[in-house]
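Asks: One structure follows; several queries about it will come next.
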Amino acid sequence: MKIKKISKAVFPVAGLGTRFLPATKSIPKEIMTLVDRPLIQYAIDEARAAGIKEFIFVTSRGKSALEDYFDSAPELEASLKRAGKDALLDALRETNMDSGAIAYLRQNRPLGLGHAVWCARRLIGNEPFAVLLPDDVIAAETPCLQQMVEAYAQTGGNMVAAMEVSPDKTPLYGVLDVAEDMGAIVRAKGMVEKPKADDAPSNLAVIGRYILTPKVLNNLNRMKQGAGGEIQLTDAIAEEAQGDSNVYGYRFRGQRYDCGSKAGFLQATVAFGLARPDLRDEFGAYLNDMIALQKAAQ
Ligand code: G1P
C-alpha cells in the first residue's frame, strides 16, 4: 500500500470560548497559557514532531492575537539579545513560523467543526491531512500525532485518536462503533457524535486528533446538519466507515487533558507545572501543603 505523507494540518480555532468568559472577551482561548506557553503552542509542537510543514488556522473575528503570536517580534528579540537572555530568545524563536508555512482563513459563521474543516478544503487540496483540536492537550513521551502517523503507515485511510471513557461521559464525545479490535488500532464500522449513554455503540471516544482522507471533505460538501444542529466532522468520517470501512481508531499512549473545560485546564496546569524541572520542587511542596491543610480542615 502506498501511503501519502501527511504534511498539512488544520487547526480549528474559531470557537468563542464562552466557557472561559470573561477571560475570552479579549483573548482567544487558544492563547490561554499552561504554565508559560499558550495552548496553541502545544498543538503546533505536536504537529511539527509529526512532520507537519503547513499549518492552516480556521479562525473567526477576535482572533488576531493568534496571528500576532506566530509573527516575528524583531524589537523584543533585539532587546533580549542585547541583554544576553539566550534562553528566552530560544523560547521566543519556537513561536516563529517560516514564511508561507502558516495560513489563516475565516469561518464566517459558527456552523460546527465539520464546517470549520471544510472551510480549509482549497488549501488542503487532494491529499490526506491532519486535524488537531488545541483544546485537547496530550502529554505523551511520543507526541500523539506522531504515534498516529506511525500507525497510519500500516493502515492508510482515516484515523482518529481514541480513548476509553466512562459510559456516562459518551454525550461529550464522538464515539466509535467498533468492527474489529486489534489492540492499539481498531477498525470502526460507524461513529456517532455525542450519543446518550444508552445509545452509545461503545465507550471508545474520539479525542481531537485526526488523519483524514480528502473524501471526508467531499462528504462535508453536502453540509448535512447533525448533533446539536451543527455540521459534524464525525458524520463525514462515519460515511467512510460504511461497507468496506477505512476508518480506524488509535488508542494513543499518553494523558489527555480537556482544556476546553475549567477543571481540565486546572488539571493540566498542575500536571505541566509538576513536569517542569524549574518549578517542580517549589510547586510540589506547595501542593503538598495545600493537601495537608485540606485534610486537617476535614
Ligand atoms: C469535538 C468533536 C467530538 C470529539 C471532541 C474531542 O467535540 O466533535 O467528536 O470527541 O471534539 O474533544 P467538542 O468537544 O468540540 O464539542
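The values are calculated or read from the model by the stated rules, or taken from the named source; none is laboratory data. Model, not experiment: these values are computed from the prediction. Neighbour counts are summed over all protein chains in view; Cβ atoms, including those assigned to glycine, are modelled from backbone coordinates with ideal geometry. Surface areas here come from the heavy atoms of the whole protein model, side chains and all, with no ligands, DNA or RNA. Shrake-Rupley method; radii C 1.70, N 1.55, O 1.52, S 1.80 Å.
Asks: Want the number for E180 to E164: 0.36 nm per residue separation, take away the alpha-carbon distance, what's left?
Replies: Values: separation 16, 0.36 × 16 = 5.76 nm, distance 1.55 nm.
Difference between extended and current length: 4.2 nm.
Asks: Counting pairs of alpha carbon atoms under 8 Å apart in space and at least six apart in sequence, what relative contact order in percent does the chain give?
Replies: Details: 538 pairs, mean separation 62.2, N = 298.
The value is 21 percent.
Asks: Which order do the peptides 286-297, 175-186 take when ranked by the mean count of other beta-carbon atoms within 10 Å per residue, highest first?
Replies: 175-186, 286-297
Asks: Would you mind estimating how fast the range 203-250 diffuses translationally, via Stokes-Einstein at 25 °C and 0.890 mPa s with the Kirkwood radius over Cα pairs, in µm²/s? Working shown, then result.
Replies: Details: Rh = 11.6 Å.
For these conditions, the coefficient is 212 µm²/s.
Asks: Give me the base-10 log of I(q)/I(0) for the range 11-79 at each q in 0.12, 0.20, 0.29 Å⁻¹, Debye formula, one uniform scatterer per Cα, rounded to two decimals.
Replies: -0.35, -0.92, -1.36
Asks: Can I ask one more? What value, in deg cm²/dmol to 500, does the helix sum -39500 (n - 2.57) over DSSP H runs of n ≥ 4 give at 222 nm once divided by the residues of the chain? Don't skip to the end; give the middle numbers.
Replies: On the way: 11 runs with 102 residues, N = 298.
-10000 deg cm²/dmol, from helical runs alone.
Asks: With a ≥ b ≥ c the root eigenvalues of the C-alpha gyration tensor of the range 138-255, is it rounded (a/c under 1.5), prolate (a/b larger than b/c) or oblate?
Replies: Judged from the Cα gyration tensor, the range 138-255 comes out oblate (a/c at least 1.5, b/c at or above a/b).
Asks: Give the peptides 46-55, 208-217 in descending order of average Cβ contacts within 10 Å, highest first.
Replies: On the way: 46-55: 19.3, 208-217: 22.4.
Order by mean packing, descending: 208-217, 46-55.
Asks: I need the peptides 113-121, 219-227, 75-83 ranked by packing, meaning the mean over residues of other C-beta atoms within 10 angstrom, with the highest value on top.
Replies: 113-121, 219-227, 75-83
Asks: According to the square roots a ≥ b ≥ c of the eigenvalues of the Cα gyration tensor, what is the shape class of the range 1-132, taking rounded for a/c under 1.5, prolate for a/b larger than b/c otherwise, and oblate for the remainder? Intermediate results must be reported in sequence, preceding the final value.
Replies: Values: a/c = 2.17, a/b = 1.27, b/c = 1.70.
The shape class here is oblate.
Asks: Let me ask something else about it. Based on the Cβ-Cβ distance of E75 and L266, what FRET efficiency does E = 1/(1 + (r/R0)^6) give at R0 = 35 Å, to the nearest 0.05?
Replies: Between E75 and L266 the formula returns 0.55.
Asks: Another question, if that's okay. Considering only protein heavy atoms, what per residue accessible area in square angstrom results for the chain with a 1.4 angstrom probe? List each step's numbers first, then the result.
Replies: Numbers: 15390 Å² over 298 residues.
Value for the chain: 52 Å² per residue.
Asks: A further question on this structure: Over the chain, what is the percentage of antiparallel beta bridges among all DSSP beta bridges, to the nearest 5? Before the final figure, lay out the partial values.
Replies: Working: 28 of 45 bridges.
Here the antiparallel bridges make up roughly 60 percent for the chain.
Asks: Compute the length gained on full extension between A297 and A139: take 0.36 nm times their separation in residues and subtract their Cα-Cα distance, giving the result in nm to one decimal. Don't skip to the end; give the middle numbers.
Replies: Details: separation 158, 0.36 × 158 = 56.88 nm, distance 3.30 nm.
Result for the pair: 53.6 nm of gain on full extension.
Asks: On alpha carbon coordinates alone, what is the Rg over Rh value for the chain, Rh being the Kirkwood radius?
Replies: For the chain, the value is 0.98.
Asks: Additional query: How large is the dipole of the chain about the Cα centre if only Lys and Arg carry +1 and Asp and Glu carry -1, each at its Cβ, rounded to the nearest 20 debye? Before the final figure, lay out each step's value.
Replies: Numbers: 36 positive and 37 negative charges, 137 e Å.
Rounded to the nearest 20 debye, it is 660 debye.
Asks: Mind checking which lysines have their C-alpha under 27 Å from K5, skipping anything on the same chain fewer than 8 residues away?
Replies: K53, K189, K215
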